[in-house]
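The values are calculated or read from the model by the stated rules, or taken from the named source; none is laboratory data. None of the values given here were measured: they were computed from a predicted structure. Positions of Cβ are backbone-derived with ideal geometry, glycine not excepted, and every protein chain shown enters the neighbour counts. Heads up: the accessible areas ignore ligands, DNA and RNA and are worked out on the full protein's heavy atoms, side chains in. Shrake-Rupley method; radii C 1.70, N 1.55, O 1.52, S 1.80 Å.
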Amino acid sequence: MDELLLQIARRFDADGEPLTVSPHAGGFINHTYLVETDRGVKYLLQQVSHTVFPDIPALMNNLTAVTAHIRAKESDPRKVLTVVATKDGENFCQDDAGNYWRMLVFVENSICLPFPETQTDFYETAVAIGRFAQYLDDFPTEQLTESIKDFHHTPRRFEQFHRVI
């Protein structure tokens, strides 16, 4: 096990002392690792790509604001991401090499499909997106910061799409 990953995991306010950090399958953008503590609690430790996400503080502030808003409406903790703060109270940390890290509570007995495999997968994805939109129908969007320039600028994205094809 990489001692550096263990040191990074120990910077977060986990339930117990992180004992192991191992690669976790999946992920197209971030490097993801499974952390297990001496109390048997599991977390996901992610090295967040600052190439894809140039404004990590904005990304993480958006994530924590949105998940806090959803958590106020959803009683099932398995249905809402839980960001684990660092021991300094931040929602991410940076290592000496300039890499950014965040920790999330691991959801046991869950799956994350990289691609839908059945029509049911498509359906359940649509249900989840609809539920997400419902949770955020009264979210104060002025709290959000643009973390990827023009990512949600539909005319520009459409223009980029046309250039690609």
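Within the range 1-72, which chymotrypsin sites (Phe, Trp or Tyr not before Pro) sit in a loop by DSSP and count at most 11 neighbouring Cβ atoms inside 10 Å?
Here the sparse-neighbourhood loop sites are 28.
Nearest 20 debye, what's the magnitude of the dipole of the chain about its Cα centre given +1 on Lys and Arg Cβ and -1 on Asp and Glu Cβ?
For this selection, approximately 300 debye.
Taking Cα pairs under 8 Å and at least six residues apart, what relative contact order does the range 1-148 come out at, in percent?
Across the range 1-148, relative contact order equals 24 percent.
HN-Hα J couplings of the range 93-101 from phi, Karplus 6.51/-1.76/1.60, θ = phi - 60°, integer Hz, Gly and Pro as x?
In residue order, the calculated couplings are 9, 10, 8, 5, 8, x, 7, 9, 9 Hz.
Which Cα, out of 37, 158, 12, lies furthest along the positive dipole direction of the chain (beta carbon charges, K/R +1, D/E -1)?
158
Mind pulling the angle between the C-alpha long axis of helix 154-164 and the longest principal axis of the chain? Nearest 10 degrees, somewhere in 0 to 90.
That helix lies at roughly 90 degrees to the long axis.
When a/c reaches 1.5 or more, the comparison of a/b and b/c decides; with that in mind, is the range 1-63 rounded, prolate or oblate per its Cα gyration tensor?
Judged from the Cα gyration tensor, the range 1-63 comes out prolate (a/c at least 1.5, a/b above b/c).
Would you mind telling me the share, in percent, of accessible area of the chain contributed by carbon and sulfur at probe 1.4 angstrom?
That fraction is 54 percent.
Where only protein heavy atoms count, and the probe is 1.4 Å, what is the accessible area per residue for the range 1-130 in Å²?
Computed with neighbouring chains in place, this is 60 Å² per residue.
I need the semi-axes of the equivalent ellipsoid of the range 122-165: take the C-alpha gyration tensor, multiply each eigenvalue by 5, square-root it, list largest first in whole angstrom.
25, 19, 7
Under the √(5λ) rule applied to the eigenvalues of the Cα gyration tensor, what semi-axes describe the equivalent ellipsoid of the range 29-126? Give them in Å, descending.
Taking √(5λ) for each Cα gyration eigenvalue gives 24, 17, 16 Å.
What FRET efficiency would be calculated for the residue pair residue 145, residue 121, taking the C-beta separation as r and a Förster radius of 30 Å, to the nearest 0.05?
Step by step, r from the Cβ atoms, then E = 0.40.
In deg cm²/dmol, rounded to 500, what helix-only [θ] at 222 nm does the chain give when every DSSP H run of at least 4 residues adds -39500 (n - 2.57) and the total is split over its residues?
So the calculated ellipticity at 222 nm is -9500 deg cm²/dmol.
For helix 56-71, report the angle its Cα long axis makes with the longest principal axis of the Cα atoms of the chain; keep it between 0 and 90° and round to the nearest 10°.
Helix 56-71 and the main axis of the chain meet at about 80 degrees.
Report the semi-axes of the equivalent ellipsoid for the chain in whole Å, largest first, where each axis is √(5λ) for an eigenvalue λ of the Cα gyration tensor.
28, 20, 18
Count the lysine pairs in the chain whose Cα atoms lie under 26 Å apart, taking only pairs 8 or more positions apart in sequence or on different chains.
Here the count comes out as 4.
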